[in-house]
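The values are calculated or read from the model by the stated rules, or taken from the named source; none is laboratory data. Computed from a predicted structure; not experimentally measured. Glycine also receives a Cβ, built like all others from the backbone with ideal geometry; neighbour counts cover every protein chain displayed. Heads up: the accessible areas ignore ligands, DNA and RNA and are worked out on the full protein's heavy atoms, side chains in. Shrake-Rupley method; radii C 1.70, N 1.55, O 1.52, S 1.80 Å.
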Amino acid sequence: MTRTFSRFVFAIFRAGALVCMMLLFSGFGLAQKVVTGRAAIPFNFWAEGHEFQAGNYVFDDEVPGSATIHREGTNSGIGVSMILYTVPQKKEDPRVILVRRDERYFLVEIWGVQDRYVLTAEFEHRGEASEQRRQVPLTIVKSDNE
């Protein structure tokens with residue numbers, strides 16, 4: 001009886017390991033595509049409660065659901081939460097979207113070549129069109145999309 005029980009337990013462990021391997025390998029094709037871009041922002045702006053001075057910035061979305069913003073030439077950065085909110089019908093020029101409110105510019109959206117992300121804190125302002133909206137080109141320096 002002990003031998004039959006141990007074979008049964010061993011079979012369960014093998015089946016579990018097989019399922020885990022299938023899930024692991026199936027997830028590789030669904031992984032987020034990493035994009036790193038640069039933008040020269042000519043004015044001060046805010047993102048998730050942090051003020052950034054005018055300058056050249058690197059936007060990196062290596063971690064799913066967030067982007068890191070840091071000034072070129074520095075190692076420290078600020079992480080911002082973001083949500084994919086649309087996939088356009090055709091490829092677009094990458095850019096960052098900033099909206100002026102209360103005498104400050106706020107980073108609202110980051111557009112990649114094949115998708116648009118909105119910062120979680122700015123979700124209510126997604127797709128907002130106004131005279132106070134500025135679009136700054138984002139130059140892609142590294143992309144796993146190709």
Let's test this: bin the Cα-Cα distances of the range 47-142 at 10 Å from zero up to the farthest pair and state each bin's percent.
15, 53, 29, 3
Considering amide H positions built from the backbone, and no H for Pro or chain starts, which residues 5 or more places from residue 55, or on another chain, come under 5 Å of its amide H?
41, 43
Return the carbon/sulfur percentage of the accessible area of the range 40-91, one whole number, probe 1.4 Å, all protein chains in place.
48 percent
Please go through the range 61-92 and write out the trypsin sites (Lys or Arg not before Pro) that DSSP classes as loop and that have at most 14 other C-beta atoms within 10 Å.
90, 91
Please report, largest first and rounded to whole Å, the three semi-axes of the ellipsoid equivalent to the range 45-90, where each semi-axis is the square root of five times an eigenvalue of the C-alpha gyration tensor.
22, 12, 12
